[in-house]
Amino acid sequence: MIKKRLMTPGPTQVPEEALLSLARQVTHHRTAEFRKLFAEVLVGLKEVFATKHDVIVLTSSGSGAMEAAVVNLVPRGGKAIVLEAGNFAQRWRKICDAFGIEVVRHEVTWGEAVDPADVKALLEKHPDAVAVFGTLMESSTGVGHDVKAIGEVVRGSKALFVVDAISGACVMECRTDEWGIDVLVVGSQKALMLPPGLAFLTLSPAAVKQMEQVKPQAFYFDLKQHRNKILEGPDTPWTPAHTMIAALAENLKLIRAEGIEKVWSRAKTLARATRAGLEAIGLELFAARPADGLTSVYLPTDVDGGAFLKRLEGRFGIKVAGGQAHLKGKIFRIAHMGIVDELDILSTLAAIELVLDELGRSVEFGAGCRAAQRVLAEGHPAAVG
Ligand SMILES: *Cc1c(COP(=O)(O)O)cnc(C)c1O
């Protein structure tokens, strides 16, 4: 018998409150009860995404919301700048390609962060770019990009700033309005702690204005229809995954009770503890500018990397993520977002030591946990009683 411990950067562990909500009998969505719930959820989403403007809820995976952002803002033949620093950022380019949008590719070595000065130069060279597509937390590399600084640069241009925060929102600091993000794209199965199935977009007034000028290459993803229904109802143009929206209401209660600032700072501490633990075990970190929601680390080269990941899952039920594309077999990724907590990280570090020992590497048991505990001890909450 093995207890499953999901430590991947999506999907993530789901809190009991949301699971119980999902266990309830299905109700109808065209009702006053649903509209009331949906209105509350929209208020909560605005708070946790740090925006005062509209939030759209789509029934789709995160990529669907990326596609919606592209087709509603950029017309066929329009120009977009893509900050391509990983597998997910590449998806922006592939979506643009699929809809006949001209892409200015800014390729960055995977594992490194986008330099805002490069974005400035690109915008000067391409003043006709309609949008800049970037990423908050690049889940394929574990890099957290400096979206605040990039936002400052984009603000000085005519382009809209669109950020894939599918995994980054609600775990990494992200001040949507303050940082000049016109569209923030978020998914349900990452730091929002739900199963896959919902996606979200924030829309700045400038994004809404642009949407009104573009005839989208879309029907289901026509964001004007979604926005109009929200302003009227709030409602949705098509049947929403409303049982998921009810579960989301539960998770938003948890996040808002803790406070989004605390959620961000807790993730930062967990990330530091994870990195300290892995380095104490003798593993090498991968990301040049590490994100707060996941840690990427080179697979040990003195043991069989594939066997290592298999054994972590087979013996301890710990599912971490391997590398994607050319990083497959080179790195692995541990998520610390949502309800992943201090003890999840300590047990993952302890399991890594046990598996490395089993595979023949010489291990000093406890070194990883000790280093991580030192970081966690700095942040002791005030004692009660
Ligand atoms: C998970 C993820 C995606 C893809 O989302 P799907 O829900 O799988 O479509 C895109 N970007 C980032 C940064 C992600 O972490």
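The values are calculated or read from the model by the stated rules, or taken from the named source; none is laboratory data. This is a predicted model, so every value here is computed, not measured. Neighbour counts are summed over all protein chains in view; Cβ atoms, including those assigned to glycine, are modelled from backbone coordinates with ideal geometry. Note: areas computed on protein heavy atoms with side chains; ligands, DNA, RNA excluded. Shrake-Rupley method; radii C 1.70, N 1.55, O 1.52, S 1.80 Å.
Every residue, every condition in (1) over 22 Å from the mean Cα position of the chain (by Cα); (2) small (Gly, Ala, Ser), yes or no:
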{"site": "LEU184", "(1), (2)": "no, no"}
{"site": "PHE221", "(1), (2)": "no, no"}
{"site": "PRO237", "(1), (2)": "yes, no"}
{"site": "ALA249", "(1), (2)": "no, yes"}
{"site": "ARG256", "(1), (2)": "no, no"}
Inset, instruction - Could you please let me know if VAL171 is within 16 Å of the ligand (Cβ to nearest atom) and of a type outside the set (Gly, Ala, Ser)? - result: yes
Inset, instruction - Kindly establish whether ALA249 is open to solvent by less than 30 Å² (accessible area, probe 1.4 Å), assigned by TED's automatic domain parsing to the domain that holds ILE339 and either over 15 Å from VAL41 (Cα atoms) or in a helix (DSSP H, G or I) (or both). - result: no
Inset, instruction - From VAL104, VAL41, VAL82, VAL26, grab the single residue that is away from the ligand (no atom under 16 Å from the Cβ), assigned to a strand (DSSP E or B), assigned by TED's automatic domain parsing to the domain that holds LYS158 and at pLDDT 95 or above. - result: VAL104
Inset, instruction - Within region 187-200, track down each residue that is within 11 Å of the ligand (Cβ to nearest atom) and touching a Gly at 6+ places or on another chain (Cβ under 7 Å). - result: GLY187, SER188, GLN189, LYS190, ALA191, ALA199
Legend entry - Flag if VAL303 is assigned to a loop (DSSP other than H, G, I, E, B) and more than 23 Å from the chain's Cα centre (by Cα): yes
Inset, instruction - Looking only at region 26-46, decide whether some residue is closer than 18 Å to TRP92 by Cβ, over 19 Å from the mean Cα position of the chain (by Cα) and open to solvent by less than 40 Å² (accessible area, probe 1.4 Å). - result: no
Legend entry - Pair list, Cβ under 6 Å, 6 or more apart: region 133-145 residue within 10 Å of GLU112 (Cα to Cα), other residue part of a strand (DSSP E or B) and within 7 Å of the ligand (Cβ to nearest atom): GLY144/MET137; HIS145/THR135
Inset, instruction - Look through PHE99, PHE133, PHE88 and report the one residue that is away from the ligand (no atom under 16 Å from the Cβ), outside the structural domain of GLY293 (by TED's automatic domain parsing) and among the aromatic types (Phe, Trp, Tyr). - result: PHE99
Legend entry - Within region 155-168, tally of residues that are within 14 Å of the ligand (Cβ to nearest atom), in contact with a helix residue (DSSP H, G or I) (Cβ under 6 Å, 6 or more places away or on another chain) and among the hydroxyl-bearing types (Ser, Thr, Tyr): 0
